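First comes the structure, then the notes that go with it.
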Amino acid sequence: MAEIIAIEGAYLEGNRGLSNWDVFAHKPGTTEDGSNGDTADDHYHRYMEDIELMHSLGVNSYRFSIAWTRILPRGRFGHINPEGIAFYNALIDALIEKGIQPFVTISHYDNPHELDKIYGGWLSPGIQKDFGYFAEVCFKVFGDRVKFWTTLNEPNLLTKFSYMDGWYPPAHCSQPFGNCAFGNSSVEPYIAGHNMILSHANAVSIYRNKFQGKQGGHIGITVSSRWYEPFQNTTADILAVERALSFGGPWFLDPIILGDYPSEMRRILGPSLPEFTLKQKKKLQATKLDFIGLNHYTTLYMKDCIFSPCEVDPIDGDARVVSSATGHDGVLIGEATGSPHFYSVPYGMEQVVMYYKQRYNYTPIYITENGYAQASNSSMSAEDFTNDTQRVDYICGYLSFLASAIRKGADVRGYFVWSLLDNFEWTSGYTQRFGLYHVDFKTLKRTPKMSAKWYRKFLKGSILRTRLRNQNSQLQ
Ligand SMILES: O=C(/C=C/c1ccc(O)cc1)O[C@@H]1O[C@H](CO)[C@@H](O)[C@H](O)[C@H]1O
């Protein structure tokens with residue numbers, strides 16, 4: 001439910017090295033409110049208090065990521081940092097003590113700044129080895145207790161934000177996507193993506209060959225998975241939906257599970273999309289996945305841009321489509337949320353899960369993120385956020401459609417709310433609050449929102465029982 005720069009803070013403590021995000025967020029104009037993750041929720045010092053919150057909620061698993069720069073302050077170079085190991089050991093032990101399974105993301109957007117400086121981060125094939133080494137250290141020292149691993153978080157968005165739009169470090173892009181000092185928006189995202197796939201394969205193969213046998217855990221990858229509806233009920237827009245879907249999670253999951261990029265991507269991108277060598281294909285084939293992680297928040301309309309001219313869509317433009325929150329009838333696709341990117345469309349959850357179930361032949365699925373943002377500014381106080389009925393409605397709605405997908409045969413093994421705490425929300429800084437607990441970023445005090453109380457009751461089963469009782473009485 002959390003990741004590193006977003007909640008940990010203590011960015012200079014414990015011999016931690018600088019990450020790409022530390023350096024980026026310190027530059028003026030990169031985050032909406034000029035903030036950074038230097039302190040964030042100070043989870044680094046308050047993790048015991050935060051585990052108490054999880055325990056009181058009654059969750060049986062906690063998703064977090066490991067800061068590459070706490071373990072290897074300079075990337076592959078330099079030493080393994082004992083203080084970083086000690087922090088995650090303490091966190092993992094305390095979770096297990098409370099009966100909470102650690103569900104660990106190896107890299108959630110942050111990498112050593114050093115790697116950006118030397119070779120442009122994910123742009124260089126060098127990162128495959130470096131990521132593999134980092135993953136190996138994690139398996140070796142934490143794998144006796146961590147039984148669930150995901151290699152990367154949302155590579156399908158990370159590539160675009162970092163190398164197509166220039167919104168995230170290392171801020172590469174070119175026209176018409178944006179004006180950056182470096183970059184080539186029509187080539188670099190696919191090179192970075194290729195390196196992410198091969199880095200993932202490297203980590204999985206190390207896990208399979210050296211650790212899984214004796215440790216007995218599971219390994220997967222998490223993608224961002226939005227659902228789309230055709231803007232109009234035309235063949236062109238229906239095909240636009242198909243393309244947008246293929247250019248999303250399948251960009252990564254098709255090579256990893258099925259052996260190559262989606263044919264739509266190959267057709268549209270041509271030589272800009274790298275090829276896998278025979279050796280790489282063999283490696284992909286040998287690694288496979290234990291599960292797919294899906295982050296799902298929203299559904300949007302999709303419109304074709306092959307047969308009609310469009311504005312450039314910063315996320316989906318490469319699939320020659322443009323997204324829209326309003327339909328051709330001028331009505332919003334779902335209720336607006338505090339995030340300008342997300343609309344509440346509960347049935348999208350079922351659609352997305354069924355799509356991935358079908359495309360990947362019943363590979364087990366975890367919903368690794370789903371949640372609701374409240375818009376925030378510095379003049380607001382805890383009381384403005386704690387009566388969060390919209391979050392309860394949102395989560396409740398999405399969970400009912402997840403239950404429906406399960407009834408229809410999807411193999412869904414788990415669900416994580418994003419997030420436990422309000423957090424540093426990347427380029428949005430502290431302007432969006434996803435937490436079940438409110439965090440006062442001045443005092444760092446945590447206050448339960450109504451949704452926390454609701455979620456606790458839901459997990460205890462009382463809400464489910466009431467619902468089932470009502471359903472049964474309706475049946476009688
Ligand atoms: O899903 C997204 C981001 C979507 C988006 C951003 C900017 C756009 O312009 C459009 C979409 O990130 C996930 O969702 C969360 C809440 O955002 C983040 O805090 C997580 O770190 C991340 O895994």
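The values are calculated or read from the model by the stated rules, or taken from the named source; none is laboratory data. From a predicted model like this one, the values you see are computed outputs, not experimental measurements. Virtual Cβ from ideal backbone geometry, glycine too; neighbours counted across all protein chains shown. Just so you know, the surface numbers come from the protein's heavy atoms only, side chains and all, with ligands and any DNA or RNA stripped out. Shrake-Rupley method; radii C 1.70, N 1.55, O 1.52, S 1.80 Å.
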Query raised in the report: Say the cut-off is 29 Å between C-alpha atoms; which of Lys160/Lys453; Lys140/Lys283; Lys214/Lys281 go over it?
Result: Lys160/Lys453
Report summary line: Cα-based Rg and Dmax for the range 226-301, in Å, come out at 14.5, 43
Requested in this report: Select from the range 75-155 those GluC sites (Glu not before Pro) which occupy a DSSP coil region and have at most 15 other Cβ atoms within 10 Å, ordered by residue number.
Outcome: none
Query raised in the report: Size of the dipole of the range 4-473 about the Cα centre, Lys and Arg at +1 and Asp and Glu at -1 on the beta carbon, nothing else charged, in debye to 20?
Result: 1820
Query - Stokes-Einstein translational diffusion, the chain - Kirkwood Rh over all Cα pairs, 1.567 mPa s, 4 °C, in µm²/s - result: 57
Query raised in the report: Looking at the range 311-386, which GluC sites (Glu not before Pro) are in a loop (DSSP not H, G, I, E or B) and have at most 10 other Cβ atoms within 10 Å?
Result: Glu311
Query raised in the report: Quick one: accessible area per residue over the range 4-473, 1.4 Å probe, rounded to a whole number of Å²?
Result: 39
Query - Whichever lysines have a C-alpha closer than 22 Å to that of Lys449, once near sequence neighbours (fewer than 8 apart) are set aside - result: Lys457, Lys460
Query raised in the report: So which aspartates and glutamates pass the test for Lys98, namely a Cα distance under 15 Å, with those fewer than 8 places away in the same chain ruled out?
Result: Glu49, Asp50, Glu52
Requested in this report: Just name one of Tyr119, Ile80, Tyr168: the one whose Cα is farthest towards the positive end of the charge dipole of the range 72-189 (beta-carbon charges, Lys/Arg +1, Asp/Glu -1).
Outcome: Ile80
**Report entry** Percent carbon-and-sulfur accessible area, the range 4-473, ignoring ligands, DNA and RNA, probe 1.4 Å
**Finding:** 54
Query raised in the report: Roughly how many Å² of Asp50 are accessible to a 1.4 Å probe, to the nearest 10?
Result: 0
Report summary line: Residue-normalised 222 nm signal for the chain, counting each DSSP H run of n ≥ 4 as -39,500 (n - 2.57), nearest 500 deg cm²/dmol, is -12000 deg cm²/dmol
